[in-house]
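Peer 1: Let me give you the structure first, and then I'll get to my questions.
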C-alpha cells in the first residue's frame with residue numbers, strides 16, 4: 001500500500017499508507033454550510049457524501065543509518081464511527097513498510113506530529129511496541145493531554161506499551177541533522193510540524209495542520225477535531241504563508257495519495273499543485 005515518494009537532495013521520503021477513510025463534512029468542518037459546499041467544494045466529496053482522507057505516515061531515509069517513521073496510522077483496532085466516518089480500507093501500514101523493504105525492528109525513530117489515534121495507532125501491537133528499537137518522539141503537551149490525562153483510552157492503550165521508548169520534547173527538537181520538530185499548537189496542544197531539510201529543497205510534514213487540500217483554498221475553515229479552532233486557523237494561515245513564501249513543499253498523510261504539494265499565495269488564500277504535476 002505504499003505510494004508517493006519525493007527526493008530532497010540526500011533525503012528520500014516515501015508515503016506509508018495505512019488505509020482510506022471518509023469523514024462526514026459536518027464533523028470535519030462543522031461551520032461550513034451547505035451553500036459553501038454547493039459553491040464548488042462538493043466536487044471533493046465522495047459519492048457517499050464523505051470527505052475522503054488517506055491516513056498513515058511517511059518513511060524518511062537520509063544521511064546516516066536512521067530509518068524514521070513520521071506518524072503511525074490508526075493501527076489494527078482503527079474503526080469508523082457511525083454517522084461520523086466510514087473506514088474503506090485499513091490496517092495496511094506494516095504491509096506498506098514491507099513493500100518498501102523495511103521491517104518494524106529496523107525503524108530507528110517514530111515521530112508523532114500529534115497523538116490523535118489515526119496517527120498513533122501503530123505505536124504498539126498486541127500490547128508490545130510495534131517498533132521495538134525505535135525512539136518515539138512526541139511533544140510533552142500531547143503526552144500529558146492524551147496519555148496522562150486519559151483523554152482518549154485508545155490513545156493511552158496504544159502509547160503505554162511503548163512508554164519506555166518515548167522521548168518527549170518541549171522546545172523545538174532536532175531528531176537528525178536534516179530533521180527538526182517545530183511545535184504548532186491548535187489542532188492539539190502539542191501539535192507539531194516536521195521539517196525535512198534536503199539542502200536546496202525543504203519539505204514540511206504537517207500532520208493535521210490541514211486535513212485536506214481544500215484548506216489551502218479556505219484557510220479560515222474551522223476544524224471539528226481541533227483542540228482550539230481559533231488558534232488552529234491562525235497557525236494554519238501563518239504557516240501556509242511561510243510555505244508559499246519560502247517555497248517549502250507540504251505533505252500530510254490525509255492528503256489524496258499522500259502526495260507532496262507546492263503551495264502558492266492567491267490573495268487571502270492559497271492554491272496548490274502536486275509536485276511534478
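The values are calculated or read from the model by the stated rules, or taken from the named source; none is laboratory data. Remember, predicted model here, so these are calculated numbers, not experimental data. No Cβ is skipped: glycine too gets one built from the backbone with ideal geometry, and neighbour counts run over all protein chains shown.
Peer 1: When you check residue 110 against the structure, is it more than 15 Å from residue 22 (Cβ to Cβ), buried (at least 18 other Cβ atoms within 10 Å of the Cβ) and at pLDDT 95 or above, yes or no?
Peer 2: Yes.
Peer 1: Need the failing condition index for residue 8 against (1) loosely packed, with under 15 Cβ neighbours inside 10 Å; (2) farther than 18 Å from residue 212 by Cβ, just the number.
Peer 2: (1)
Peer 1: Any residue that is surrounded by 21 or more Cβ atoms within 10 Å (Cβ to Cβ), outside any strand (DSSP E or B) and free of Cβ contacts under 8 Å to residues at least 60 places away in the same chain - is there at least one of those in the range 122-132?
Peer 2: yes
Peer 1: So for the range 34-45 (the condition being touching a strand residue (DSSP E or B) at 6+ places or on another chain (Cβ under 7 Å), within 24 Å of residue 218 (Cβ to Cβ) and at pLDDT 95 or above), does at least one residue qualify? Step through it out loud before you land on a result.
Peer 2: First, pick out the residues of the range 34-45 that are touching a strand residue (DSSP E or B) at 6+ places or on another chain (Cβ under 7 Å): 44-45.
Of the ones still in play, those that are also within 24 Å of residue 218 (Cβ to Cβ) are 44-45.
From the residues that got through so far, the ones that are at pLDDT 95 or above too are none.
No; the residues of the range 34-45 include none that is touching a strand residue (DSSP E or B) at 6+ places or on another chain (Cβ under 7 Å), within 24 Å of residue 218 (Cβ to Cβ) and at pLDDT 95 or above.
Quick grid of which residues meet (1) within 22 Å of residue 257 (Cβ to Cβ); (2) part of a loop (DSSP other than H, G, I, E, B); (3) in contact with a helix residue (DSSP H, G or I) (Cβ under 7 Å, 6 or more places away or on another chain); (4) at pLDDT 95 or above:
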residue	(1), (2), (3), (4)
72	yes, yes, yes, yes
75	yes, yes, yes, yes
79	no, yes, no, no
86	yes, no, no, yes
105	no, no, no, yes
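Peer 1: So which residues in the range 238-261 are more than 14 Å from the chain's Cα centre (by Cα), assigned to a helix (DSSP H, G or I) and touching a residue at least 40 places away in the same chain (Cβ under 8 Å)?
Peer 2: 239
Peer 1: Within the range 55-87, how many residues turn out to be surrounded by 22 or more Cβ atoms within 10 Å (Cβ to Cβ) and in contact (Cβ under 8 Å) with a residue 60 or more places away in the chain?
Peer 2: Counting residues in the range 55-87 that are surrounded by 22 or more Cβ atoms within 10 Å (Cβ to Cβ) and in contact (Cβ under 8 Å) with a residue 60 or more places away in the chain gives 11.
Peer 1: So in the range 262-277, with the set limited to residues that are within 26 Å of residue 22 (Cβ to Cβ) and assigned to a loop (DSSP other than H, G, I, E, B), which one is farthest from the chain's Cα centre (by Cα)?
Peer 2: That would be 277.
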